[in-house]
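This structure is in structure tokens; I'll ask about it shortly.
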Amino acid sequence: MKLYMTPGSCSTGIHILLEELEQVFEVYLVNLLAGDNRRPEYLAMNPNGTIPTLVTPDGSPLTDWQSIAWWLGKRFAKGKFLPGNEGDRELCQWVMDMAGKKIHGDGFPRIFVTDAYTRDEGRKSMIHRQGEKIVQVGFEEVPPKLEGRKYVLGEQPCIADFALFYVEFWADRTGIALPQPLHAHYQRMLRRPAVRQVLSEEGYGSMFR
Ligand SMILES: N[C@@H](CCC(=O)N[C@@H](CS)C(=O)NCC(=O)O)C(=O)O
């Protein structure tokens, strides 16, 4: 398999999942700032120009975080990161939507790429604050759903924990406080060997020293 990724981005969640599943894969770095994701070769594989892209063993590209996570979850390790029943499936999907669509999709771009929202210097801080608010409100909705469990579904992580992890990681990097149960979830994830390995490989090894 080939993983097209950018260090410290949402693709980090898929990178971790691949390591947790003990898969062998090649990593291709996509430099978003240099516009690698807008080059014709990349767009031919992923017309949305987003990362991650996972090229599966038969050569097909999968191009959406959730699709990649469900596919990996089904294909490897006897489904150990997949929900086992309908209720768990709904919760897993809810957390992935909250992390990927609301907190990531609506919130963090306002913080990371504020310029994309306005050219008006005076409005930038307002949009940045809006982003922080969306992220905080999104995070606050998660703990009641976890009902004190260690991971989203219980004692072991599922694919949604890797989505939750990458937005928690962004919160950490941008100084946004997490509600206590998510802070504990983030710390628990950081103790996992695959998480430490991937973050170290992606250039964040100093977090563990
Ligand atoms: N819907 C996509 C969104 C992924 C996404 O937003 N990736 C960001 C990086 S975290 C990206 O590729 N940004 C570059 C761009 O949109 O031009 C998915 O779930 O994979």
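The values are calculated or read from the model by the stated rules, or taken from the named source; none is laboratory data. The shown structure was predicted, so the numbers you read here are calculated from the model rather than taken from an experiment. In this analysis, Cβ positions are derived from the backbone assuming ideal geometry, glycine residues included, and neighbour counts consider all displayed protein chains. Side chains are part of the model used for accessible areas, which takes the heavy atoms of the whole protein and leaves out ligands, DNA and RNA. Shrake-Rupley method; radii C 1.70, N 1.55, O 1.52, S 1.80 Å.
Is it true that F76 is away from the ligand (no atom under 12 Å from the Cβ), under 27 Å from L21 (Cα atoms) and out of contact with any helix residue (DSSP H, G or I) (no Cβ under 7 Å at 6 or more places or on another chain)? Write out each step before concluding.
On the way: away from the ligand (no atom under 12 Å from the Cβ): yes; under 27 Å from L21 (Cα atoms): yes; out of contact with any helix residue (DSSP H, G or I) (no Cβ under 7 Å at 6 or more places or on another chain): yes.
In short, yes.
Given the criteria under 19 Å from E19 (Cβ atoms), in a helix (DSSP H, G or I) and open to solvent by 60 Å² or more (accessible area, probe 1.4 Å), does E201 qualify?
Working: under 19 Å from E19 (Cβ atoms): yes; in a helix (DSSP H, G or I): yes; open to solvent by 60 Å² or more (accessible area, probe 1.4 Å): yes.
So E201 fits the description; yes.
Condition first: more than 18 Å from L17 (Cβ to Cβ), within 10 Å of the ligand (Cβ to nearest atom), surrounded by 15 or more Cβ atoms within 10 Å (Cβ to Cβ) and not acidic (D, E). Can you find one or more residues in region 49-62 that meet it?
For region 49-62, residues more than 18 Å from L17 (Cβ to Cβ), within 10 Å of the ligand (Cβ to nearest atom), surrounded by 15 or more Cβ atoms within 10 Å (Cβ to Cβ) and not acidic (D, E): present.
I'd like the full set of residues that are over 18 Å from W71 (Cα atoms) and within 12 Å of the ligand (Cβ to nearest atom), limited to region 1-33.
T6, P7, G8, S9, V30, N31, L32, L33
Return a yes/no flag: does region 124-143 have any residue that is part of a helix (DSSP H, G or I) and closer than 30 Å to A77 by Cα.
Step one: filter region 124-143 for residues part of a helix (DSSP H, G or I), giving 124-141, 143.
With the extra rule that they be closer than 30 Å to A77 by Cα, the set shrinks to 139, 143.
Within region 124-143 (the criterion being part of a helix (DSSP H, G or I) and closer than 30 Å to A77 by Cα), the answer is yes, since at least one residue qualifies.
Moving to a separate point now. Pick out the one residue from R89, R119, R110 that is exposed (fewer than 13 other Cβ atoms within 10 Å of the Cβ) and among the basic types (K, R). Even if it seems obvious, please write down each step before you answer.
On the way: R89 fails: exposed (fewer than 13 other Cβ atoms within 10 Å of the Cβ); R110 fails: exposed (fewer than 13 other Cβ atoms within 10 Å of the Cβ).
Checking each option against the conditions leaves just R119.
Of all residues in region 11-41, count the ones that are among the β-branched types (V, I, T) and exposed (fewer than 10 other Cβ atoms within 10 Å of the Cβ). Don't jump to the end; show me each part of the working.
Taking region 11-41 and keeping what is among the β-branched types (V, I, T), we get 12, 14, 16, 24, 27, 30.
With the extra rule that they be exposed (fewer than 10 other Cβ atoms within 10 Å of the Cβ), the set shrinks to 24.
Within region 11-41, residues that are among the β-branched types (V, I, T) and exposed (fewer than 10 other Cβ atoms within 10 Å of the Cβ) number 1.
Still on this structure, please answer the following. Could you grab me the full set of residues in region 166-180 that are surrounded by 18 or more Cβ atoms within 10 Å (Cβ to Cβ) and either more than 22 Å from Q130 (Cα to Cα) or small (G, A, S) (or both)? Break it down stepwise before answering.
Of the residues in region 166-180, the ones surrounded by 18 or more Cβ atoms within 10 Å (Cβ to Cβ) are 166-171, 176, 178.
Selection gives A171 alone.
With the requirement that a residue be closer than 15 Å to M207 by Cβ and of a type in the set (S, T, N, Q), what does region 165-195 give you?
T174, Q187
Next question. Find all pairs meeting these conditions: Cβ atoms under 6 angstrom apart; at least six residues apart or on different chains; first residue within region 189-207 and among the small types (G, A, S); second residue open to solvent by 50 Å² or more (accessible area, probe 1.4 Å) and not in a helix (DSSP H, G or I).
Pairs that qualify, where the first residue is among the small types (G, A, S) and the partner is open to solvent by 50 Å² or more (accessible area, probe 1.4 Å) and not in a helix (DSSP H, G or I), are G203/P7.
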